[in-house]
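Note sheet for the following structure.
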Amino acid sequence: MELFEAIQTRSSAGRLSEPGPDPQQLERILAAAARAPDHGRLKPWRLIVLDRAGRERLAEAVVAARARRLPEPTPEQLALEREKFWRSPTLVVVGCAVQRDHPKVPEVEQLLAVGAAAQNLFLAAHDLGYGVMWKTGPAAYDDGVKASVGLQAHDHIVGIMHLGTRVG
Ligand SMILES: Cc1cc2nc3c(=O)[nH]c(=O)nc-3n(C[C@H](O)[C@H](O)[C@H](O)COP(=O)(O)O)c2cc1C
């Protein structure tokens, strides 16, 4: 696909199903993400591909975060929260590992580099024919959720990227 066509035809995929990208395709998608512009060459992005256990850890952390935010969550609300992480075949958390007090590259520029990486990931997956949904939500800002994917409290989750085959 030509670049302008990829940019113009990109859109969020509301529903995703199997298959997701195969391992080689996923490598290409992640390599494209890592070609983002990056002041100071800090490579602040963390491209965390979740296997089954990783997905479970993330889902449980999101449920715990939701339970902390809601005074009395119903089991249905918590089950819905958990279920959201099983709706796509491939899940990549795009994190920003912040170097605090860097002498040349402020935190906002590190975040911008990771935003660019997330967009590269999106366009690369789209170019290979896959649908993508970029998600955050309140859970992305929760320290327990960050810890569940190996990030520290001062880091950021820039996107929880759902990849798969577009439905509809
Ligand atoms: C940083 C960021 C966070 C987002 N978080 C969510 C989200 O939590 N839930 C959601 O439905 N969409 C989320 N989106 C996707 C936007 O809603 C979507 O891109 C927008 O509606 C435009 O639609 P399009 O991507 O089809 O052009 C997010 C997008 C970005 C860039």
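The values are calculated or read from the model by the stated rules, or taken from the named source; none is laboratory data. Quick caveat: nothing in here was measured; it's all calculated off a predicted structure. For neighbour counting, all protein chains shown are included, and Cβ atoms are generated from backbone atoms with ideal geometry for every residue, glycine included.
Computed quantities for the displayed model
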| item | result |
| --- | --- |
| Count of the range 121-144 residues which are more than 12 Å from the chain's Cα centre (by Cα) and either farther than 19 Å from S88 by Cα or assigned to a strand (DSSP E or B) (or both) | 6 |
| Criterion (on the phi > 0 side of the Ramachandran plot and free of Cβ contacts under 8 Å to residues at least 12 places away in the same chain) met by exactly one of D143, D101 | D101 |
| Leading residue by the ranking (farthest from the ligand (Cβ to nearest atom)) among those in the range 129-142 that are within 19 Å of E27 (Cα to Cα) and surrounded by 18 or more Cβ atoms within 10 Å (Cβ to Cβ) | Y130 |
| Hey, Q8 within 16 Å of the ligand (Cβ to nearest atom) and either free of Cβ contacts under 8 Å to residues at least 12 places away in the same chain or of a type in the set (D, E) (or both) or not | yes |
| Residue count for the range 79-110, restricted to those that are among the hydrophobic types (A, V, I, L, M, F, W, C) and surrounded by fewer than 16 Cβ atoms within 10 Å (Cβ to Cβ) | 4 |
| The lone exception for C96 - which of (1) touching a Gly at 6+ places or on another chain (Cβ under 9 Å); (2) more than 26 Å from D22 (Cβ to Cβ); (3) more than 13 Å from the ligand (Cβ to nearest atom) it fails | (3) |
| Residue in the range 32-48 that is surrounded by fewer than 17 Cβ atoms within 10 Å (Cβ to Cβ), modelled with pLDDT of 95 or more and of a type in the set (D, E) present | no |
| Among (1) closer than 16 Å to R57 by Cα; (2) within 16 Å of the ligand (Cβ to nearest atom), the one test that Q152 misses | (2) |
| From the options A13, A36, residue that is within 16 Å of the ligand (Cβ to nearest atom) and over 15 Å from the mean Cα position of the chain (by Cα) | A36 |
| Test: residue in the range 102-111 that is within 13 Å of the ligand (Cβ to nearest atom) and in contact with an Asp or Glu (Cβ under 7 Å, 6 or more places away or on another chain) | no |
| Checklist (1) surrounded by 16 or more Cβ atoms within 10 Å (Cβ to Cβ); (2) modelled with pLDDT under 95; (3) more than 18 Å from the chain's Cα centre (by Cα) applied to V63, failing item | (3) |
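Rundown of residues vs (1) among the basic types (K, R); (2) out of contact with any Leu (no Cβ under 7 Å at 6 or more places or on another chain), yes/no style:
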{"residue": "W45", "(1), (2)": "no, yes"}
{"residue": "L50", "(1), (2)": "no, no"}
{"residue": "R57", "(1), (2)": "yes, yes"}
{"residue": "E76", "(1), (2)": "no, yes"}
{"residue": "E81", "(1), (2)": "no, yes"}
{"residue": "K84", "(1), (2)": "yes, yes"}
{"residue": "R87", "(1), (2)": "yes, no"}
